[in-house]
Amino acid sequence: MFIRTKQTLKCIVALLFCITVICSASISVSAQEELQSPAYTNYYYEQRGDEKVLVEDRPVYGFETVIDGNSLKIDSFFHVYDMCDSKNGNIYVLDSGNNRIVVLNPDGSLNRVISEITLDGRKFEMKEPQGIYVSDKNEIFIADTEGERILICDNNGAVKRVMKAPESDLIPNDFKFNPIGVLIDNSGYLNVLTRGSYYGAMLYDENYEFVGFFGANSVQGTVLDNITALFNSVFETNKKKAQRVRKIPYQFYDFDCDNTGFIYTISPSDKGQIKKINLKGSNVLRLKKGLSVISGESYNFADSSTYVDVSGHKLKHTFSKIAVDENGYVYALDTAYGQVYVYDDSCNVITVFGGGLGHGDRNATFVTASSIVVVNGKIWISDYEKNSITVLSKTEYGDLVMNAQNETVLGNFDAAESLWNEVLKYNSNHQLAYRGLGLSAINRKDYDAAMKYSKMGYDQETYAAAYGQVMNRFLNNHLWWILLIIVSILVFVVIWFSRPSKRDEYSLKKSSEIVTALKMCAHPIEVAGNIRAKKAGSVIVATVVLMLYYLSSVSVKTWSGFMYTLPAQNFNLLYALLGSVGIVILWVLCHWGVATIFSGKGTLKAIYIVTCYCLIPLIIYNILFIALSYIVVPSSTSFVDILSMLAYIYAAMLLVSSLINIQEYSVAKLSGVVVLSVAGMVGVAFLLFMTFILGQNFISFFANIISEGLYR
Amino acid sequence: MKRCFYIRILSFLLVLATATACFSGCSNSKTAKAVNKYSPPDGSLTVETGKVFSNDKYVLIWDNEKKCVIMKDIVNETYWSSLPYSYYLVEDPFGAGMVRMYSPIYIEYLVNNNIRTSYAKIDALNDGVVTAEKIDNGIRVTYYFTEIEISIPIDYVICESGLETRLIVEKIAEKSNKIYSVSLSPFMCSAKNNTDSYLFVPSGSGTLMYVDDTGRNTRVISEPVYGRDNSVSTEEKLYNESAVMMPVYGAKSEDSGICAIINRGAECAKIDAEVGNSEYGYSSVYATFLLRGTNNLIVKNAQGNQTQIMTSTDNLVDADYFSVLYTPLSPDKANYMGMAEIYRNWLKKQYKISKSSVKSPSLYLNFLGGALINKNIFGISYNDLCVATTYSNVEKMVNEIREESPSTVSVRLVGFGESGLDIGEIAGGMELSKAFGSSDGLIEYCDTNNLPLFIDFDILGYSKNGNGIRRFSDAAVAANKSYAVQYHYSKSTYLKNDYSYFFVNRSKIQEIAEKLIKKVKAYNISGISLSSLCSTSYSGYPDASAYNKLGFKDEVVSVIEKGKNENLGFIADKAFDYAAVNSDCIIGCPTSSSGFDGYDCDIPFYEIVFKGLKPITVSPINYAINPQKQFLTAMETGSSLSFTLSNDWNKDISNAEFSAFQFSLYENWKDEIISKDKKSKEWLENVKDAFIVDRRQIADNVYVTTFSNKARIAVNYSSSEIKTPIGNVKANDFIYVLGE
């Protein structure tokens, strides 16, 4: 009987392995039926909890025209560094290579060319100016970068004032004044960005007196960074310390001001590239991720994947320019990829478009996109290399999406609802539309519809709110029935278990090994003692428990209620196995190894058995969690969270008490061994990882030999 | 005993392996011919300056001094030469910048698999040798690039339609350097910069490049005819591509013009254009023929850095000659309309165009079946077919639309095979899957109501064994004999993603088609549509006669013939010209170009050519960037309306790799379909069989098109009302006058 069970178990394990290998099949799609796409790409990201999923979309902005010297009947542009719009909608183009400013009308036609900047009637040579700004008083501010000054001109290009580096105690000695951007905020203060400065923007008052720096970036460090720093501070010599490159904050590359006076900045960092800075200089951008709200500082506004060219070089996303429109939409220009990311105030991606990766020779793709301006539904993007300005205008679809989101943000849910419905006509997979419709439905107290829409939009918060209302309604209507059923069940259970004759027939009683395992939850010391002394534990039962733990862990991720868990887009079996079975096995091996050194009495088998048995509370919790995730509304002090905490503490207590018995350790000694075991686990994991990398290189080496052979 | 048995088995396997190795080179594919060995030129071969040949329309003149061929158009008194005629007349103003212009051919050759360029002006006319000899109706000029030891013979022949320039591939000779490509008469189709001229490039629907050079950089473009060769490995796809679907290009040079058609070897050609080069003041468009198969290989060097290198075939493509036919345009037809007419006539002559056996409905509906989605049970993943539309859904949708707007509707089912829209077994298992219900009701409904019903099959792509096609051994291979694995590309990083599939080896296409036709015949439907076959092309390595996609069009034409022989109708979707002209109906006609910055104005050249030849539709309106604009384009070109629809939308479908469903939900588009069908019915009925004879721009974004039955339509794409010769047209609207 025992042998048969063992064989069956082997068969099941082998079958599971085979299925796992065979079923990891891929899908290949036909490209015949596709949205008719322009040359440039258009997509957005669905935020599914922590996951960002790329969704193809219709163009929100459509290519309209290219403006160059030819279309304006003037000499070709040469290195356009920056553009800005004036109060009347004209576009000022800083044609740096030609030392001139070209003024365009809102329709793209030529208004005039300020062919030279003058000072006291004489021609004034700028030195590679990189920033331009036109104030409400029609004064032109030019950041004359290599000239190390800011020029304030009248609307005809006559210089009225030259601002050099200010003299102030606040400015460090090594500070170089190479201005790259100028902006006057709603308070009338002049903000200046300088190249290479990580102190933030320079702030000048209305009289152009320097008052200080504003809103600097900070260095983002990981736990590993901090540990490394600590390690280095202890072990490195002073000489080595001096040679090390210091991690400094990213400088701001560009900024813009919205209607409400917030300043938006952009940096080429890996996270928190876009900032919305309040008067205090803090970033107020927040993002909803599932049920939690995170700071914009820890959000990667660019795509998480990276382009790698055929030589293996990675192209880093480089946000370099930013513009904010009248509705608060943020347009971030990724110069390296030639793409524009459009975000709303809540960090929802409205669209991503453009492309070219530095080689763009098609409409709305770029070689070196150098600046961006947004005026009256049109986006103007200059290209430093192509010497042209690409104009894109909002499509009918784009209008719908952005208007609907505006209405939703303003709380005009009725108006938003019809717009979102229209959006869904064009794209049935629009997450913001479903989220907007969910909010509209909850606003008109149609909770069932709200649940439907918010589920489609992966909006757990709205879903939970609507579900809470539906549950309340249900409880109000059926409370008596529910209480009656619960009492009946309790009575039935009590009667069933109070019958002595039936208890002996309880099937589990027949299997002492299973009973031992179950008994672990109530009497861990006794069971551990039996396992050590009487060899009462069973490896098979322990393995079954481990498999059940794995299955329950996977089930939590795939079968839990929407309020708690989003369906995984790409479920990775390997990670799930490593995260459950892998950790347990690693723990068992490492603990056994360490315990053997420290005179532990437990055998490998005994440690494995008790460890697996201690997983029973977690299995029960996982099953309970799946059931409760459909019923209990998540909140900050959720019953489910407390349950989770209790389950883990209980499992840990079981493990500790049983290990004390198995190993015959004191609590203190066990604590030390556990710490060393965990350290060992980290070490082994690292070694396995290194082996994996080496294996990959080994395979790649042979693959290359084969390629080389084919080539020869 | 047991040992002896093993030794026997081992011996047998060894013999088998040896035999396999011995016969591995023997296959039924054509063996490649060795390239002719370069030998020093015979300088005595020469032809005196003067007339070489003439007919009643054209005279061919040879200038032995300048080594230049000139065609005189007798009727229009115009001269066309590999050198712009105004340059020909003046003394040789040769300068460094003029090398390209004075070169009747450019060649590219390979040195250690690096491409280098050589211009005939320097390496053949000046430093090499050019020989000439008279041939029937023309002259053969051989350009000897003596330094690199390559000789290229070109025949210039006068024919009824103009000058045919033939690259005699079989007589090309080389020694240590390997010829890669030849560009023919680069300035034959050219126009002087800053004049009222343009170049026509057939990218997508067709596009114009104006030849002004002030205020902008020189514009250089290059696009392969019939799209990229899918047997060449591609690591990234930077753009949404729109292929060159017609091997025709041309130049309007003030009052004159010339149209060039790649008469032979179009599959191996690419179309190059250089516009606005102020150095020599001329802009030109020309064809370049690729003569060797190539593939890209990524290898790592000793330092571990990877690099991409090009590998090429030892032999040249096995063809006798490639040719371009140049036809001058009369002053009244010196525009793209004139080019379209010449090209249409060429198509009629080249292919036997039969009257379409399919009725021309005003409405074409494509229905998407389903797609595979990835699911998992306890972490074990599997693919499941997610059904978006069942056959009964299709019947219901068609019925609803017909009730509201009674008309003949063409029904096309896409992705109703065993793997839906995804690539699985070849041709989706070659049958209508039962997962979508029973197809009998739909077939009967269409039959009863006389509605044409087509099923789409992908007979090229596959990722699973089945129907006699095996995953690796039947896959198309690249020039370096590795499998030509196909990928899809990420929208964000432009790199190929993990999902791969294959195209079937070209030698298998006919076999698959025969099998499919036999199976489809049993369904009692109007016909089939083979979208991938019509809009894809690739090489058939190692067969030298199939290098660089050569001969793919013959494969396609043969498949269509097979279907017709079995009385099956054929719908061509986004089709290259050879498939379009042989089909019963062309759907998904392109409405834009590939969007190069250098292109100034997209035109509906494709529609102008095929309207009247075959029933046509533009790409599905609901898939267009601007559906209303797409509708207007359909009206302007007399194209029927097309929509792609699905019945259901759910989150499962959203997890498919395929985004088509999110833009095609029937309930969202039903009203639009009905209203647009009602609005267009009278007009489309009136111009059903008419050709487009004239198209004029009368204001920004406003066009008036005239059809052969004298029907006229004014279409206003702008956002304000415009006055036209046939009345005022509201913004984003059209008005028409019916014809005879």
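By Kyte-Doolittle mean hydropathy of at least 0.5 and Cα axial length of at least 30 Å, which whole DSSP H helices of chain A are selected?
Counting only whole DSSP H runs, the qualifying helices are A:2-23, A:460-497, A:639-663, A:667-711.
How big, in percent, is the set of alpha carbon pairs in segment B:458-613 lying more than 26 Å apart?
Every Cα pair in segment B:458-613 considered, those over 26 Å come to 36 percent.
What whole number of Å gives the distance from the Cα centroid of segment B:245-318 to the Cα centroid of segment A:432-454?
Cα centroid of segment A:432-454 versus Cα centroid of segment B:245-318: 55 Å apart.
Find the eigenvalues of the gyration tensor of the Cα atoms of segment B:460-519, then list the square roots of 5 times those eigenvalues as equivalent ellipsoid semi-axes, largest first, in whole angstrom.
Ellipsoid semi-axes (Å, largest first): 25, 14, 9.
Would you list, by chain and number, the lysines whose Cα falls below 20 Å from the Cα of A:Lys73, excluding same-chain residues fewer than 8 positions away?
A:Lys386, B:Lys192
Quick test of the membrane-span-like rule: which DSSP H helices of chain B reach at least 24 Å along their long axis (C-alpha atoms) with mean Kyte hydropathy at least 1.0?
Counting only whole DSSP H runs, the qualifying helices are B:2-23.
Where does segment B:54-165 land on the Kirkwood hydrodynamic radius, alpha-carbon pairs, in angstrom?
14.9 Å
Over chain A, with the other protein chains present, what is the accessible area per residue in square angstrom, probe 1.4 angstrom?
Accessible area per residue: 49 Å².
Let me make sure I get this right: for chain B, a, b and c are the square roots of the gyration tensor eigenvalues over alpha carbons, sorted descending. Under 1.5 in a/c it's rounded, otherwise prolate if a/b > b/c, else oblate. Which is it?
It is oblate, given that a/c is not under 1.5 and a/b is not larger than b/c.
Out of A:Val632, A:Ile74, A:Leu400, whose Cα points farthest toward the positive end of the dipole of chain A (charges: +1 Lys, Arg; -1 Asp, Glu; placed on Cβ)?
Positive-most Cα among the choices belongs to A:Val632.
Can you give the convex hull volume per residue for the Cα atoms of segment B:568-637, as a whole number of Å³?
Roughly 95 Å³ of hull volume per residue.
Checking buried surface per residue: for segment B:421-437, which residues lose a minimum of 10 Å² accessible area in the protein assembly relative to the chain alone (1.4 Å probe)?
B:Leu421, B:Asp422, B:Ile423
With a Förster radius of 56 Å, plug the Cβ-Cβ distance of B:Glu721 and A:Met653 into 1/(1 + (r/R0)^6) and report the FRET value to the nearest 0.05.
So, using R0 = 56 Å, E works out to roughly 0.10.
Send over the Kirkwood Rh of segment A:607-712, from the inverse of the averaged 1/r over different Cα pairs, rounded to one decimal Å.
Kirkwood radius, segment A:607-712: 18.0 Å.
Placing +1 at every Lys and Arg Cβ and -1 at every Asp and Glu Cβ, with all other atoms neutral, what dipole size does chain A have around its Cα centre, in debye to the nearest 20?
4220 debye
Per q in 0.17, 0.26, 0.28 Å⁻¹, report the Debye log10 I(q)/I(0) for segment A:413-468, using one uniform scatterer on each alpha carbon and no solvent.
Per q value, in the given order, log10 I(q)/I(0) is -0.42, -0.92, -1.03.
Once Lys and Arg get +1 and Asp and Glu get -1 on their Cβ, which of B:Asn565, B:Ile525, B:Leu550 lies farthest toward the positive end of the dipole of segment B:478-568?
B:Ile525
For the protein assembly as shown, what is the charge dipole size about the Cα centre, in debye to the nearest 20, if Lys and Arg each add +1 at the Cβ and Asp and Glu each add -1 at the Cβ?
The calculated dipole for the protein assembly as shown is roughly 6180 debye.
Longer than 19 Å from Cα to Cα, which of A:Lys425/B:Lys676; A:Lys314/B:Lys300; A:Lys289/A:Lys455; A:Lys160/A:Lys321; A:Lys314/B:Lys496; A:Lys164/A:Lys321 are they? Say none if no pair is.
A:Lys160/A:Lys321; A:Lys164/A:Lys321
Express in % the proportion of alpha carbon pairs of segment A:376-480 at distances exceeding 21 Å.
46 percent
In square nanometres, what is the average projected area of the Cα convex hull of segment A:580-666?
6.4 nm²
Could you state the orientation-averaged shadow area of the convex hull built on the Cα atoms of segment A:483-635, in nm² to one decimal?
If you wrap the Cα atoms of segment A:483-635 in a convex hull and average its projections, you get 12.6 nm².
Between the DSSP loop rule and a limit of at most 14 other Cβ atoms within 10 Å, which GluC sites (Glu not before Pro) in segment B:228-321 are left?
Answer in residue order: B:Glu254, B:Glu279.
Write down the Å³ per residue value for the convex hull defined by the alpha carbon atoms of chain A.
248 Å³
Could you tell me whether segment B:343-423 comes out rounded, prolate or oblate from its Cα gyration tensor? Rule is a ≥ b ≥ c as square roots of the eigenvalues, rounded for a/c under 1.5, then prolate if a/b exceeds b/c, otherwise oblate.
oblate
May I ask you to work out the translational diffusion coefficient for segment B:527-597 at 10 °C, viscosity 1.306 mPa s, via Stokes-Einstein with Rh from the Kirkwood sum over Cα pairs, reported in whole µm²/s?
D, rounded to a whole number, is 123 µm²/s.
Report the equivalent ellipsoid semi-axes for the protein assembly as shown in whole Å, largest first, defined as the square roots of five times the eigenvalues of the gyration tensor built from alpha carbon atoms.
Each semi-axis is the square root of five times an eigenvalue, giving 60, 43, 36 Å.
If you build the convex hull over the alpha carbons only and average its shadow over all orientations, what do you get for segment A:107-150? Give it in nm² to one decimal.
The orientation-averaged projected area of the Cα hull of segment A:107-150 comes to 4.1 nm².
Work out, step by step, the length gained on full extension between B:Ser473 and B:Asn36: first 0.36 nm times the residue separation, then minus their alpha carbon distance; give nm to one decimal.
154.1 nm
Buried accessible area for the B:A pair, summed, 1.4 Å probe, in Å² rounded to 100?
7300 Å²
Which value, in Å to one decimal place, does the Kirkwood hydrodynamic radius take for segment B:254-346 when every pair of different Cα atoms is included?
Result for segment B:254-346 stands at 16.8 Å.
With a ≥ b ≥ c taken as the square roots of the eigenvalues of the C-alpha gyration tensor of segment B:155-292, please select rounded if a/c is under 1.5 and otherwise prolate if a/b is larger than b/c or oblate if it is not?
Oblate shape, in that a/c is at least 1.5 and b/c is the bigger or equal ratio.
Computed over the Cα atoms of segment A:440-500, what is the ratio Rg over Rh, Rh following Kirkwood?
1.30
Hey, got the dipole for segment B:77-164? About the Cα centre, +1 on K and R Cβ, -1 on D and E Cβ, debye to the nearest 20?
220 debye
Can you flag which of B:Lys348/B:Lys730; B:Lys515/B:Lys574; B:Lys348/B:Lys679 are past 30 Å Cα-Cα?
Listed pairs above 30 Å: B:Lys348/B:Lys730; B:Lys348/B:Lys679.
Count the net charge of all other residues whose Cβ sits under 14 Å from the Cβ of B:Lys72, scoring Lys and Arg as +1 and Asp and Glu as -1.
-2
Can you give the convex hull volume per residue for the Cα atoms of segment B:637-740, as a whole number of Å³?
Taking only Cα atoms, segment B:637-740 has a hull volume of 135 Å³ per residue.
The values are calculated or read from the model by the stated rules, or taken from the named source; none is laboratory data. Since the structure is predicted, the reported quantities are computational estimates derived from the model, not experimental observations. Neighbour counts run over all protein chains shown; Cβ positions are idealised from the backbone, glycine included. Surface areas here come from the heavy atoms of the whole protein model, side chains and all, with no ligands, DNA or RNA. Shrake-Rupley method; radii C 1.70, N 1.55, O 1.52, S 1.80 Å.
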